[in-house]
Amino acid sequence: MNALIIVLLFAFSLALPSAWAEDTASAARQRIIELQRKAEQDLLGQTGEALYRPAKALAWLDLALHEHYEDDRAGIIEHAIAEAERLLAAKTTEAAFETPMPRATEFIREDLWTKAAELHRSRLFRCAAREIAQLEVQLVWAGHEKWESGWTHAKPAMDVAENLAYEAEMAQRFCPPQTAVAPTAAPNVEKIS
């Protein structure tokens, strides 16, 4: 009888952390989905530099959701959610310019970080704001994948980062000139009697 009680208590103790973890994971998943909806709303009707902040928030949320489904326990999910929340709460694009490196991430591909910074400082930033935002977060993502399992695991994420860098360069290269909108005079209206 005592052995049965011990076995039942042991089985129950194993089930508790699992149930707690599932509740926590479910709450994280719900929060990610809520924030994705908010970021998508913020993107509507935006052009140029205004795309940067919500696009970067969405990229952080993509990272969080991916790692959530991989059952990551390194803290990257919480970091990505917090970063998305910070970006969505910010009122200016400048608030999004910094890209923090989470604890469970390696700094890799300095050449792409340098390229991202150059693209960011360009006077044509407005033409590639979305791609630059995605590139910066993708570099963090690739660094996390490398930290997690090495270069082989990080290669797909790094390929995406390289493609985003190329897309941003092309968007800036073929950026149409910014035209100033001249005020128009009100048309003359004659009253017909």
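The values are calculated or read from the model by the stated rules, or taken from the named source; none is laboratory data. Every value quoted in this text rests on a predicted model; they were computed, and no experiment measured them. Note that we place each Cβ from the backbone using ideal geometry, even for glycine, and neighbour counts take in every protein chain shown. The accessibility values were calculated without ligands, DNA or RNA, using every heavy atom of the protein model including side chains. Shrake-Rupley method; radii C 1.70, N 1.55, O 1.52, S 1.80 Å.
General observations
- Candidates T105, T93, T114 - the one that is modelled with pLDDT under 90, of a type in the set (S, T, N, Q) and open to solvent by 10 Å² or more (accessible area, probe 1.4 Å): T93
- Per the listing A90, A171, A104, A129, the residue uniquely touching a Lys or Arg at 6+ places or on another chain (Cβ under 7 Å), touching a residue at least 12 places away in the same chain (Cβ under 8 Å) and at negative phi is A90.
- Single residue of segment 57-90 satisfying the filter (aliphatic (A, V, I, L, M) and outside any helix (DSSP H, G or I)) that is modelled with the lowest pLDDT: A90
- Criterion (in contact (Cβ under 8 Å) with a residue 40 or more places away in the chain and under 11 Å from the mean Cα position of the chain (by Cα)) met by exactly one of A57, A74, A84, A64: A84
- Residues in segment 126-151 that are more than 19 Å from M170 (Cβ to Cβ) and among the small types (G, A, S): A142, G143, S149, G150.
- Filter pass, R31 being at pLDDT 80 or above, basic (K, R) and open to solvent by 70 Å² or more (accessible area, probe 1.4 Å): yes
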